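Engineer: Questions regarding the structure given below will be posed in turn.
The values are calculated or read from the model by the stated rules, or taken from the named source; none is laboratory data. Quantities reported herein were computed from a predicted structural model and do not represent experimental measurements. FYI the Cβ positions are ideal-geometry reconstructions off the backbone, even for glycines, and counts take in every protein chain you see.
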């Protein structure tokens with residue numbers, strides 16, 4: 001999805017929430033946008049349009065997004081916890097602003113959290129090795145059919161639809 005196109009679709013209230021987050025950390029606006037664009041490009045290159053569905057490719061994208069945002073923030077903060085907090089603020093806000101069903105939101109929030117957990121493990125890995133690591137996690141993602149099942153998979157990515 002085109003980031004600017006998505007921003008244009010936001011209501012005034014949604015834009016306000018987004019602005020408040022970025023006003024507090026203005027030096028992270030461009031690194032966060034770049035991490036978002038890079039995530040979309042990597043996901044499209046690897047999975048085509050499948051990462052827009054609710055399958056393993058989508059789980060990969062959410063984890064990758066959080067890893068890349070946290071890595072971008074780490075360059076500025078030099079602190080793992082502050083970097084993770086930033087990634088959580090941005091991605092939680094996205095889930096709050098994006099219209100999704102409750103199970104889709106729960107799945108996305110879980111996969112975002114997994115990405116932040118993985119960030120701690122793979123902070124020093126190259127982009128190529130990070131991608132390989134997350135692709136393996138996506139291949140082992142677990143299918144869920146209701147939100148309550150998600151909490152069972154504390155250390156795994158989850159998805160709700162098998163790819164076609």
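Engineer: Modelled with pLDDT under 95 and in a helix (DSSP H, G or I), is that true of residue 62?
Structural biologist: No: the conditions fail for residue 62.
Engineer: Right, residue 129: part of a helix (DSSP H, G or I) and touching a residue at least 40 places away in the same chain (Cβ under 8 Å) or not?
Structural biologist: No.
Engineer: Condition (residue is within 12 Å of the chain's Cα centre (by Cα) and under 29 Å from residue 23 (Cα atoms)) applied to the stretch 137-157: is it met by at least one residue?
Structural biologist: No, that holds for no residue.
Engineer: In addition: For the stretch 111-132, enumerate the residues that are farther than 18 Å from residue 82 by Cβ and within 15 Å of the chain's Cα centre (by Cα).
Structural biologist: Of everything in the stretch 111-132, those that are farther than 18 Å from residue 82 by Cβ and within 15 Å of the chain's Cα centre (by Cα) turn out to be 111, 114, 130, 131.
Engineer: I'm trying to understand the selection: among the residues of the stretch 88-107, which are out of contact with any helix residue (DSSP H, G or I) (no Cβ under 8 Å at 6 or more places or on another chain) and in a helix (DSSP H, G or I)?
Structural biologist: 94, 104
Engineer: Moving on to the next point. Being touching a strand residue (DSSP E or B) at 6+ places or on another chain (Cβ under 7 Å) and part of a loop (DSSP other than H, G, I, E, B) is the filter here, so list the residues in the stretch 139-158 that pass it.
Structural biologist: Selection gives 141, 144, 153, 156.
Engineer: If you don't mind, there's one more thing I want to ask. Give the stretch 5-41 a look and list any residue that's at pLDDT below 85, in a helix (DSSP H, G or I) and surrounded by 10 or more Cβ atoms within 10 Å (Cβ to Cβ), or say none.
Structural biologist: 6, 7, 14, 15, 16, 17, 18, 19, 20, 21, 22, 24
Engineer: Restricting attention to the stretch 61-84, which residues are over 25 Å from residue 136 (Cα atoms) and either in contact (Cβ under 8 Å) with a residue 12 or more places away in the chain or buried (at least 16 other Cβ atoms within 10 Å of the Cβ) (or both)?
Structural biologist: Passing the criteria: 75, 76, 77.
Engineer: Quick one: in the stretch 42-59, which of the residues that are part of a helix (DSSP H, G or I), out of contact with any strand residue (DSSP E or B) (no Cβ under 8 Å at 6 or more places or on another chain) and touching a residue at least 24 places away in the same chain (Cβ under 8 Å) is farthest from residue 27 (Cα to Cα)?
Structural biologist: Looking at the filtered set, the residue picked out is 50.
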